[in-house]
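Each value in this text was obtained by applying a stated rule to the coordinates, not by laboratory testing. Since the structure is predicted, the reported quantities are computational estimates derived from the model, not experimental observations. With ideal geometry, Cβ positions are generated from the backbone for all residues, glycine too; neighbour counts draw on all protein chains shown.
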Amino acid sequence: MSAEAQVGIAVFAVGAASLLFRLVPLLFAPRLPDRAAQQATWAGLAVLAGVTVRSVLNHHDQALVTGSVNLAPLVAAFAVGMGLSLAYRGRSVLVCVAVGIAGYVGISTVLLAL
Amino acid sequence: MTTSSTPSGVLTAGDEQLVRNSHHHLRAGATAMLPIMAAYVPFALLVGAAVADSSNPAAAWLATWAIYGGAAHLAVLDVLAQGSGWLTAVAVGVLVNARLVAYAAGMAPGWRSAPLRQRAGAAVMLTDAPWTLARARVDGHRSYYFGAASALFLGWPVLVSLGVLVGGWFSAAPVVGLLPALTLGVVVTSQLQERPVVAAAVSAAVTAALTAGLSAGISLLLCAAVGVTSGVVAEWFR
């Protein structure tokens, strides 16, 4: 099978499955118990927490690799932690993200200068 | 929102107020989505670069709406680019997007009384950011959700298209890779106010750390399972 056809099939299949994931619970919303919906919400937030942690731990920055020591995840953890601590205090999304990015750039710059 | 009308077809004052409120919530949702979309720009450029490098850019671009999930979209194109075949790509994409079931089920109570057409429209545009934003909204949450979801549904393909043109050099900056996670993490953190939610998030974070080496789909499914279990246990002790 050609590479072009494989892309088309994959996009169609994942798209169809994604649409079903979205549609079925909402179409049957009147029959879904409140308890199940609440637990589904916890699952959704848990997934987003997992996405955040995975991104930090799998973060790669060649400039922060010295020998066998990879400082990129550590720097990413500090930077994301700064942003999340502001979010916990009620700051806006833009401020938190800007502080996180500034923190990453600042810490990276200091480490590279050492 | 349902309205009545006088025999002449003119809306009553009360109905006009309902319509104004609905428009207000729509605008509020769209406005709330703007900073999140700004944070999504680098990730969209990354996806656009992957679309441009695909062996079928047209189909890869259509995934912007068909799959409508940046992480799944990128994962599918990456797997295909590595030559692993469509079956593996489909498995990865489906696993990454499986979380959508949780989002849709979580929305269900607030949408029970909505017409079928509205529920279908809400479902088509469902993804992480509008779900998380609307979750915290009490007043006019459906209109608010539609405002936020529509803004992203229209804006995301535009950003990805921009990425097709210029994404290659921009996405090379390492800090760009942190933006989507930082954005979503910030939105989730702002909702950590109930013990079961905190328990779910913290336990999922630990699970993600322990399964960081596994594929995204499997790791995130484990996070969901552990998160729900922790939430249930935390609620017993509330």
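Taken residue by residue and averaged, Cβ atoms of other chains lying within 10 Å of the Cβ of B:20-26 number 0. For peptide A:57-68, the mean count of partner chain Cβ atoms within 10 Å of a residue's Cβ comes to 2. Take the Cβ atoms of A:Leu20 and B:Gln82, set R0 to 45 Å, and the FRET efficiency comes out at 0.95.
To the nearest Å, what is the center-to-center distance of the stretch B:75-149 and the stretch B:29-54, using C-alpha atoms only? One Cα centre to the other: 16 Å. With a simple spin-label model that places each label point 7 Å from the Cα along the Cα-to-Cβ direction, the separation between B:Phe237 and A:Phe78 comes to 3.3 nm. In this rough spin-label picture, where each label sits 7 Å from Cα along the Cβ direction, the A:Ser85-B:Asp15 distance is 5.5 nm.
With a 10 Å cut-off around each Cβ of A:71-81, the average count of Cβ atoms from other chains is 2. By how many degrees, 0 to 90 and rounded to 10, does the Cα axis of helix B:179-189 deviate from the longest principal axis of chain B? Tilt of helix B:179-189: around 50 degrees.
Rounded to the nearest 0.05, the FRET efficiency derived from the C-beta distance between B:Leu162 and A:Leu94 at R0 = 22 Å is 0.65.
Applying a 10 Å radius around every beta-carbon, put B:123-130, B:87-94 in order of their mean neighbour count, most first.
Details: B:123-130: 22.9, B:87-94: 20.9.
So the peptides B:123-130, B:87-94, ranked by packing, come out B:123-130, B:87-94.
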